[in-house]
1. Say whether the condition of being in a helix (DSSP H, G or I), within 16 Å of the chain's Cα centre (by Cα) and either among the hydrophobic types (A, V, I, L, M, F, W, C) or loosely packed, with under 15 Cβ neighbours inside 10 Å (or both) is met by at least one residue in the stretch 153-162.
2. Restricting to the stretch 23-44, name every residue that is charged (D, E, K, R), open to solvent by less than 100 Å² (accessible area, probe 1.4 Å) and either modelled with pLDDT under 80 or assigned to a loop (DSSP other than H, G, I, E, B) (or both).
3. Which is within 30 Å of L165 (Cα to Cα) and without any contact (Cβ under 8 Å) to a residue 24 or more places away in the chain, of Q81, Q52, Q66?
4. Could you tell me whether Q56 is touching a strand residue (DSSP E or B) at 6+ places or on another chain (Cβ under 8 Å) and modelled with pLDDT under 90?
5. With the requirement that a residue be in contact (Cβ under 8 Å) with a residue 40 or more places away in the chain and open to solvent by 40 Å² or more (accessible area, probe 1.4 Å), what does the stretch 91-123 give you?
6. When you go through L88, L14 one by one, which is the residue that is at pLDDT 85 or above, among the hydrophobic types (A, V, I, L, M, F, W, C) and surrounded by 11 or more Cβ atoms within 10 Å (Cβ to Cβ)?
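The values are calculated or read from the model by the stated rules, or taken from the named source; none is laboratory data. No experiment lies behind these values; they were computed from the predicted model shown. Quick reminder, even Gly has a Cβ in these numbers, built from the backbone with ideal geometry, and neighbours come from all protein chains shown. When the accessible area is computed, the model is the full protein with side chains, heavy atoms only, and any ligands, DNA or RNA have been set aside. Shrake-Rupley method; radii C 1.70, N 1.55, O 1.52, S 1.80 Å.
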Amino acid sequence: MKKLLTILLGFFALISISGCGKSENPDNVIYAQRQSTDFTWEVVEPGKDPVQVFHQEVMISPTWGQSNKYASERGDFTIWQIIGLVLLVVLAVAIYGRATEASWFPNIKPAALGAIMFVLAAGSLSSFKWQSSSIKWNNDKWVKKEVYDKAIKETGSTKPIWDSLRSECKIVFGPYECYGKK
């Protein structure tokens, strides 16, 4: 009984902590650098032939707070939260029924009940967090170093870059209102 309650409390804590207290501001961290495969032709000295110039690129990535914000703007966000809540309630009812040995609770083998509870817990957690996880893990963006430096110099943040990516519908698994726009 104590083990079961400990697992349940841990699960509730995990769900509670995963979305709270996270800043929606970008972290301004450069996660990687590379030389761009694209180049431009620039005149170095007047009267001389232009030279190929390769640009540096930096990789930025959304924070968990940004991912949670973008996920909450999706059209199907509420539906997935309700599905997660229903699965969580069913899990709590199953735990209560087993722990109190209620007469209404079916007599299920412990191994099968454990598997059912695991599926309910995993389904609930997945329903709550799949959208923000997909955004967090699929949006490592390469931007020109000059663009990054300009944003940091002018605003002290990469927020203008993320706002541009958001408005141009370049955030993978981002808000649905982008789809269908031309």
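1. Looking for residues that are in a helix (DSSP H, G or I), within 16 Å of the chain's Cα centre (by Cα) and either among the hydrophobic types (A, V, I, L, M, F, W, C) or loosely packed, with under 15 Cβ neighbours inside 10 Å (or both), one finds at least one in the stretch 153-162, hence yes.
2. D27
3. After ruling out the rest, the residue left standing is Q52.
4. Criteria not met by Q56.
5. R98 - this is the single residue of the stretch 91-123 that is in contact (Cβ under 8 Å) with a residue 40 or more places away in the chain and open to solvent by 40 Å² or more (accessible area, probe 1.4 Å).
6. L88
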